[in-house]
Each structure stands twice: as structure tokens, then as C-alpha cells.
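**Student:** Handing you this structure, nothing more for now.
The values are calculated or read from the model by the stated rules, or taken from the named source; none is laboratory data. Computed from a predicted structure; not experimentally measured. Reconstructed Cβ throughout: ideal geometry from the backbone, glycine too, with neighbour counts over all protein chains shown. Surface areas here come from the heavy atoms of the whole protein model, side chains and all, with no ligands, DNA or RNA. Shrake-Rupley method; radii C 1.70, N 1.55, O 1.52, S 1.80 Å.
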Amino acid sequence: MARVVRWFALLALTVSVAAQDDLRDRIVRIDGGELRGRIVEPFAADELLLMQGGKRVRVPRTAIASIDSVALRVRAFLDKRIALQDSAKGQEYLIDEAVKLELPGLARLQALWVVLHDDDCEKAHTFLGHEKHKRGWLWPHEGKKLLRQALEDGLHDKPMQLVGERFTLRCDADLRAGVAALFDLERLAVAFRDRFGEELGLREVLQPIAVVVWRKPDEFPKWGFRPLPYYVPAPHGDVARTFYAGPNPTRPERLFFVGTHALLYHTLIGEVARQDERDRVCGWLEIGLSMLMEHTMRGPAGYAAPGDFSGKDLQALQALGRGYKLTHLLHLPVYGSFYLTDDTDTVTNWAAATMFVAWLADEGNPLKTREPFLRLVRASLAERKGDSSTAFDKIMGKRVEELDEPWRAWLGKVAGY
């Protein structure tokens with residue numbers, strides 16, 4: 001029990017203090033010295049920047065013997081979790097595993113997963129601070145102690161904030177679905193980092209990204225004509241917004257899309273202009289990359305894992321018959337062309353951005369576009385060249401017009417034509 005109390009103290013500390021007070025990454029130097037902090041840019045070539053409270057320490061790569069980071073531990077934990085998904089005992093064991101790995105948010109999330117699937121697990125209830133009552137377990141929430149059903153019935157008025165490692169999620173209904181969604185977002189962050197981290201030089205997410213989910217679509221604050229998930233960058237909110245659709249949804253709408261869009265800003269882009277909350281850096285890239293991950297992540301809710309791209313979107317192919325040109329795609333604003341209206345042109349823009357990015361990022365593309373494409377992503381987003389046609393032509397080594405025909409041919413193969 002003392003261990004549980006100590007761990008609650010660690011969890012409270014982790015959630016309440018600023019990211020710069022987090023000292024869970026460990027660098028061992030060749031000379032035997034050890035440094036603690038958080039690594040800001042894990043893929044930096046020459047030296048690593050370590051945050052230690054308000055102190056910034058730079059460590060040359062040549063001086064490093066080994067690294068034990070939160071990022072590596074999160075990946076190991078989530079891999080093990082998927083391997084043990086069919087074992088109730090294994091899921092219970094994972095609570096201790098997260099504690100051992102110094103992942104307090106994931107430890108609590110895992111304990112929630114266990115009790116939501118097995119109300120008789122006393123260990124998980126105790127870990128969460130629940131109290132046993134003759135009518136059942138009492139859950140602390142908003143200053144009260146409630147039975148689970150009463151708590152869930154009141155979530156609409158008093159949502160629960162779920163805390164992970166790289167994301168938080170506001171749950172206003174169905175705790176089981178909310179916990180699953182946050183685990184899926186955590187897995188998305190690992191997959192995004194694994195796929196693009198080194199080539200794009202991604203930064204680490206040191207402060208969890210806020211995701212807000214609405215159970216009732218009619219309460220969702222639309223950003224345009226019809227409800228579609230979206231991310232609002234800092235300084236205008238720094239929050240990802242999505243919702244559940246249908247009577248018994250297993251996942252929020254476009255969860256991986258909106259999570260990826262948030263990751264792009266936290267790990268690559270940064271803030272946008274203060275004057276315009278609709279401002280984005282490069283519309284087609286932001287939408288396309290985010291939808292690429294949306295069509296890559298698969299698996300049951302709570303156990304998402306990356307796979308092959310599955311977005312065989314025929315809308316992009318059909319658009320070609322109406323004279324759709326890639327030159328048009330490259331300069332589309334996010335709000336006006338992807339959210340403002342609900343028409344065929346808007347749907348086509350989504351599909352074209354998705355399929356063009358998928359084609360450019362494909363390692364099997366015979367034109368060998370992946371490497372220059374990722375350099376273009378870095379230049380457009382991190383270096384703020386935006387939707388510059390000059391940058392596109394120079395980095396890709398071809399004018400966008402020259403890619404139109406081979407892209408069309410690929411679309412035809414994808415569609416089975």
C-alpha cells in the first residue's frame with residue numbers, strides 16, 4: 001500500500017509540474033557520468049539538448065555511451081501491451097510494468113483499463129484510490145466518491161481528464177471508449193515518431209497535447225459547414241477536437257488524423273500567427289500527412305498499431321475527370337478549402353491531399369520520391385517555406401506538373417482500373 005501512496009505522489013508531481021522539471025530521461029556518458037532530464041531533440045545529429053529544470057545542457061553525441069529515454073520505454077510498454085492483449089493477468093501485470101518504467105500516466109490509464117473490463121480486480125481499484133463499499137467500488141471524481149455508473153452518468157456535466165504520456169483526453173461519456181482512445185493516441189505518437197522521426201528531425205512532446213472529445217455531435221464546435229475533427233495550434237488554443245458519431249462508436253471520428261495534426265505542430269512546426277486563428281503553414285501537407293496516418297493505423301480500439309496504407313480513395317481518381325490539377329492542390333488554404341463548405345470540391349481536396357502525400361511518401365514509388373518529399377516536408381513546415389512552388393520544384397527535382405501523370409497512373413492502379 002505504501003508503494004501505491006508513493007506512486008500517487010509521483011503521478012501528481014508529473015501531472016502538475018512543468019515539463020522542464022521532468023528528469024526521467026537518462027544519458028550515460030562514456031566517462032561514466034550520468035545526466036538526467038528530458039531530451040528535446042532526440043534525432044539531432046551532433047549533440048543532444050537536455051532540459052534539467054530551467055537548465056539547458058548540451059551533450060555531444062561522441063560523449064554518449066547509452067540513452068534510456070521515456071520515448072523508448074513508452075514504445076516497449078505499448079508493444080508489450082499489444083502482445084498481452086488477450087491475457088487478463090497480463091493486463092494486470094502491465095500496471096506494475098508502467099510503474100517500473102516511470103510512466104505514471106500510462107500506469108493509471110492501464111489500471112483504468114483493467115477495472116473497466118474487470119470490476120473485481122481489487123489491485124487495480126486500490127491503485128486508483130477507489131474505496132470498497134458494500135454497494136461496490138467508490139470512484140473519486142470532482143470532490144465526490146461515486147459508484148461507477150453514477151460517475152459515468154455525470155460525465156457529460158463533469159468530464160474526466162485522462163492523462164497519458166504525449167496526450168491527454170477529455171472524456172464526457174463512456175470511460176471505456178475514452179481510455180481506449182487515449183491508448184490509441186499514445187500508440188499513434190510512437191508510430192509517427194518511428195516512421196518520420198529521424199528523417200524529419202522531430203522534437204519530443206514534453207507536455208501532453210490536449211484532445212477534447214464530444215459524445216454528442218450536435219454539441220461539437222464545428223469549424224466550418226459540417227462537423228469535422230480539427231486541431232487549433234498555439235497561440236489560439238493548442239487543442240485537438242473530435243467527436244463520436246453513431247449510436248455505438250468504438251473510436252472518435254478521425255482520431256488518428258487529428259492526433260497527427262497536433263503532433264506535427266508540437267514536434268515540427270510550432271506556433272502560428274497570432275493575428276489569424278485560421279492560419280496554417282502548408283495546407284495540403286498538413287492534411288495529407290495527417291490523413292496518411294489516419295489510413296495507416298488499424299486494430300481494435302485501445303490496441304491500435306501501424307500497418308500498410310489502406311486509403312483507396314476513389315474520390316481523388318474521379319476528380320481527375322473534372323480537370324483537377326496538382327498545381328491547384330498545393331496552394332489551398334486549410335479552412336477555406338478543407339472545412340468551410342460541404343461540397344464535392346471540398347471532399348475532392350481531402351482525397352487529393354491524402355493520395356498525393358501517400359504516393360510521395362511511398363518507399364516503393366518508382367520515381368524515388370520519398371527522400372526528397374521528406375526534405376520538402378521539413379523545409380515547408382519546420383523552416384516555414386509553406387506552399388512555395390519554388391521550394392517544391394527545387395527540392396523535389398521536378399515541377400509539380402511533371403508529377404501529375406505518374407500520380408494519375410498510380411491512382412488508377414490503386415483503384416483497380
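**Student:** T346: closer than 17 Å to S290 by Cβ, surrounded by fewer than 21 Cβ atoms within 10 Å (Cβ to Cβ) and among the polar types (S, T, N, Q), yes or no?
**Tutor:** The answer is yes for T346.
**Student:** With the condition kept exactly as written, say whether any residue in the range 209-229 is farther than 24 Å from R75 by Cβ, in contact with a Lys or Arg (Cβ under 7 Å, 6 or more places away or on another chain), surrounded by fewer than 21 Cβ atoms within 10 Å (Cβ to Cβ) and at pLDDT below 95.
**Tutor:** For the range 209-229, residues farther than 24 Å from R75 by Cβ, in contact with a Lys or Arg (Cβ under 7 Å, 6 or more places away or on another chain), surrounded by fewer than 21 Cβ atoms within 10 Å (Cβ to Cβ) and at pLDDT below 95: absent.
**Student:** Of the conditions (1) touching a residue at least 12 places away in the same chain (Cβ under 8 Å); (2) assigned to a helix (DSSP H, G or I), D119 satisfies every one except a single condition; which number is it?
**Tutor:** Condition not satisfied by D119: (2).
**Student:** Condition test on R251, is it part of a loop (DSSP other than H, G, I, E, B), among the charged types (D, E, K, R) and open to solvent by 30 Å² or more (accessible area, probe 1.4 Å)?
**Tutor:** Judged against the criteria, R251 is a match.
**Student:** Can you tell me which residue among L314, L285, L329 is open to solvent by 50 Å² or more (accessible area, probe 1.4 Å) and either at negative phi or at pLDDT below 90 (or both)?
**Tutor:** L314
**Student:** Still on this structure, please answer the following. For the condition touching a Pro at 6+ places or on another chain (Cβ under 9 Å) and either at pLDDT 95 or above or closer than 20 Å to A301 by Cβ (or both), what is the one hit in A111, A98?
**Tutor:** That would be A98, the only listed residue that is touching a Pro at 6+ places or on another chain (Cβ under 9 Å) and either at pLDDT 95 or above or closer than 20 Å to A301 by Cβ (or both).
**Student:** If I filter the range 235-248 down to residues being open to solvent by 20 Å² or more (accessible area, probe 1.4 Å), in a loop (DSSP other than H, G, I, E, B) and out of contact with any His (no Cβ under 9 Å at 6 or more places or on another chain), which single residue comes out as nearest to V40 (Cα to Cα)?
**Tutor:** Residues of the range 235-248 open to solvent by 20 Å² or more (accessible area, probe 1.4 Å): 235-238, 241, 245-248.
Right, trim to in a loop (DSSP other than H, G, I, E, B) and you get 235-238, 245-248.
Next, from what is left, pick out any that are out of contact with any His (no Cβ under 9 Å at 6 or more places or on another chain): 235-237, 245-248.
Numbers: P235: 20, H236: 23, G237: 22, A245: 37, G246: 40, P247: 42, N248: 40 Å.
Per the stated criteria, the residue is P235.
**Student:** Right, next: Filter the range 45-78 down to residues that are open to solvent by 20 Å² or more (accessible area, probe 1.4 Å), among the small types (G, A, S) and within 24 Å of L101 (Cβ to Cβ), then give me how many there are.
**Tutor:** Qualifying residue count for the region: 3.
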